[in-house]
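Data first, discussion second: the structure below is written as structure tokens.
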């Protein structure tokens, strides 16, 4: 079940292709029912979100190192390649969530049912396009500056902490989306999550400093509190789009916080 949960988390959050043998483990098991899959999404696979962030971060860091190794490659081109890879690894899934959340907030006149309906629509509005452009532009600038400062660890920490924040958000907030997961018991904090929080905090303190760890924790906590309060107020909980949008915003703000502490 743990391997299945990890593979499910990997397929949910990334577009990293699975070898055929692992795909068979995930999809060809007759005992792997829809209810089991929904329970894994809510309770088991989400525990692997920070690990998925670390995997994504290592891939992004390798792309950064490859760009640095290429002679005469401008910093702007390096940053663009890194950003493109970052988006491609997630299949723009989190950006799609950010667009849907933006449309829901600006196009539904604060009617909860209208908001959920807008989130399910495949089209995007003008405000969503503006927010996506600003987010990508901000991320491009931050990536360029991080590379310029010759920093590598933020490329691992930002995806990891963003997904850890998403995990905490899911544990603290009721689910209001559609599907089988809506009928399952709402998970709460557990020992695995607490251990992840303690270990990541300790790693950041060792790698950088207590001030750096506090800055990251403060940025993530404020964003999580605001995002949770916002969607509790308007729809009474969270959907998958809310989680994706939170990850995207967290990565952006964490990169900014880490860069500010490093300057």
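The values are calculated or read from the model by the stated rules, or taken from the named source; none is laboratory data. Note that the structure is a prediction, hence the values are computed from the model and not measured. Positions of Cβ are backbone-derived with ideal geometry, glycine not excepted, and every protein chain shown enters the neighbour counts.
Could you tell me whether the stretch 131-138 includes any residue that is buried (at least 21 other Cβ atoms within 10 Å of the Cβ), farther than 20 Å from residue 238 by Cβ and modelled with pLDDT of 80 or more? Taking every residue of the stretch 131-138 in turn, none turns out to be buried (at least 21 other Cβ atoms within 10 Å of the Cβ), farther than 20 Å from residue 238 by Cβ and modelled with pLDDT of 80 or more. Among residues of the stretch 103-119 being in a helix (DSSP H, G or I) and without any contact (Cβ under 8 Å) to a residue 40 or more places away in the chain, the one that is nearest to the chain's Cα centre (by Cα) is 103. Taken over the stretch 96-110, the criterion of being surrounded by fewer than 21 Cβ atoms within 10 Å (Cβ to Cβ) and more than 14 Å from residue 231 (Cβ to Cβ) is satisfied by 96, 106, 107, 109. Whether any residue in the stretch 66-84 is modelled with pLDDT of 80 or more, closer than 19 Å to residue 161 by Cα and in a helix (DSSP H, G or I) is what I want to check. Yes, some residue in the stretch 66-84 is modelled with pLDDT of 80 or more, closer than 19 Å to residue 161 by Cα and in a helix (DSSP H, G or I). If you go through the stretch 69-86 and keep only what is touching a residue at least 40 places away in the same chain (Cβ under 8 Å) and closer than 15 Å to residue 136 by Cβ, you end up with 76, 79, 80, 82, 83, 86. Identification of helices (runs of 4 or more DSSP H) wholly contained in the stretch 166-263 with 1 or more residues that are modelled with pLDDT of 70 or more, under 29 Å from residue 140 (Cα atoms) and under 15 Å from the mean Cα position of the chain (by Cα) yields 210-234, 240-262.
Scanning the stretch 120-161 for residues that are in contact (Cβ under 8 Å) with a residue 24 or more places away in the chain and part of a loop (DSSP other than H, G, I, E, B) gives 124, 149, 151, 152, 153.
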